[in-house]
Amino acid sequence: MPRPTDAAHEWISIPDPEEERTWIFDVTFLLSNWTCIFGRGCQGVLTEPAPELVHGCCSYGAHFSDADDVARVEAAAATLTAEDWQFINKGRRGGVTRTDKKGVVTTRMAEDACIFLNRPEFPGGAGCALHRAALARGERPMDLKPEVCWQLPLRREDLRTEDGHVMTTVTQWDRRHWGGGGAEFAWWCTEEPAAFVGAVPVYEEMAGELEAMVGPAVYRSIRQILTERRAAGTALPHPTIRRRRKASA
């Protein structure tokens with residue numbers, strides 16, 4: 001679990017008004033101007049930079065959080081058309097998920113990446129078929145995609161104490177969160193200056209995702225706090241930005 005004592009980031013805790021839970025937010029990341037640069041300089045998560053593949057973080061099958069997550073994505077996949085999805089025939093024939101020997105369920109792979117990832121040669125262009133379909137319908141991509149996909153690079157982690165109280169941390173995904181494989185990534189967006197070019201801070205850009213993760217009441221509270229911190233100009237710059245400034249000094 002990320003530790004709030006980490007000197008590289010600032011943290012703030014908020015009691016949940018409806019349950020025995022304390023929320024711990026990564027203020028530094030939420031106030032940063034990180035943004036997804038899929039197809040706009042993202043180097044991917046393979047062992048060598050591969051921007052030409054336009055894989056983003058979709059080179060591996062997406063892990064599901066629970067059975068409801070699986071069912072929702074399978075139902076969404078059933079609504080996709082050939083205009084939405086490059087690998088629709090493979091998905092219809094073999095399904096869209098696989099279960100390994102340990103019982104871990106992920107999306108299936110197709111040609112060395114997630115089965116939902118349309119490649120650059122697809123008429124509609126590269127990107128997640130579920131994401132593409134949602135936008136075309138005027139829906140939220142997060143309602144169709146696996147939870148881990150729509151949450152990235154936000155990470156929620158729960159820790160239950162002996163007395164039953166839950167401590168929930170909301171922070172950024174780091175390499176270490178991916179296990180041993182994360183250390184092999186040639187590039188990871190939350191540590192690269194190229195991804196910190198957003199027009200608005202993360203807590204605004206990912207408002208829908210954050211509200212879904214923490215609930216409307218808690219999101220309103222953290223949004224107000226972060227807005228005040230931003231206006232005051234007292235926020236600690238993200239470590240990636242600090243490194244960039246140091247290198248250019």
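For the structure I just gave you, tell me whether Gly180 is surrounded by fewer than 16 Cβ atoms within 10 Å (Cβ to Cβ) and small (Gly, Ala, Ser).
yes
Mind listing just one residue for me: the one in the range 225-248 that is polar (S, T, N, Q) and part of a helix (DSSP H, G or I) and, of those, modelled with the lowest pLDDT?
Ranking the candidates gives Ser248 first.
Output the number of residues of the range 39-63 satisfying the condition of being in a loop (DSSP other than H, G, I, E, B), touching a residue at least 12 places away in the same chain (Cβ under 8 Å) and either crowded, with 19+ Cβ neighbours inside 10 Å or not small (Gly, Ala, Ser) (or both).
Total satisfying the criteria: 16.
Regarding the range 71-84, can at least one residue be identified that is in contact with a Gly (Cβ under 8 Å, 6 or more places away or on another chain), hydrophobic (A, V, I, L, M, F, W, C) and within 14 Å of Trp187 (Cβ to Cβ)?
no
List, please: which pairs have Cβ atoms under 7 Å, are six or more places apart or on different chains, and start with a residue in the range 204-223 that is of a type in the set (D, E, K, R) and end with one that is surrounded by 17 or more Cβ atoms within 10 Å (Cβ to Cβ)?
Pairs found: Glu205/Thr35; Glu209/Met142; Glu209/Trp150; Glu209/Gln151; Glu209/Leu154; Glu211/Tyr219; Arg223/Tyr203.
Please report, ordered by residue number, the helices (runs of 4 or more DSSP H) entirely within the range 65-172 with at least 2 residues that are among the small types (Gly, Ala, Ser) and either surrounded by 20 or more Cβ atoms within 10 Å (Cβ to Cβ) or in the same structural domain as Trp11 (by TED's automatic domain parsing) (or both). Quick ask: steps written out before the conclusion?
Working: elements: 67-77, 88-94, 129-137, 147-151.
Once the helices (runs of 4 or more DSSP H) in the range 65-172 are filtered for at least 2 residues that are among the small types (Gly, Ala, Ser) and either surrounded by 20 or more Cβ atoms within 10 Å (Cβ to Cβ) or in the same structural domain as Trp11 (by TED's automatic domain parsing) (or both), what remains is 67-77, 129-137.
Counting only residues that are assigned to a helix (DSSP H, G or I) and β-branched (Val, Ile, Thr), which one in the range 193-224 is nearest to the chain's Cα centre (by Cα)?
Val202
The values are calculated or read from the model by the stated rules, or taken from the named source; none is laboratory data. Values in this document were obtained by computation on a predicted structure and should not be read as measured data. Positions of Cβ are generated from backbone atoms using ideal geometry, with glycine treated the same way; all protein chains shown enter the neighbour counts.
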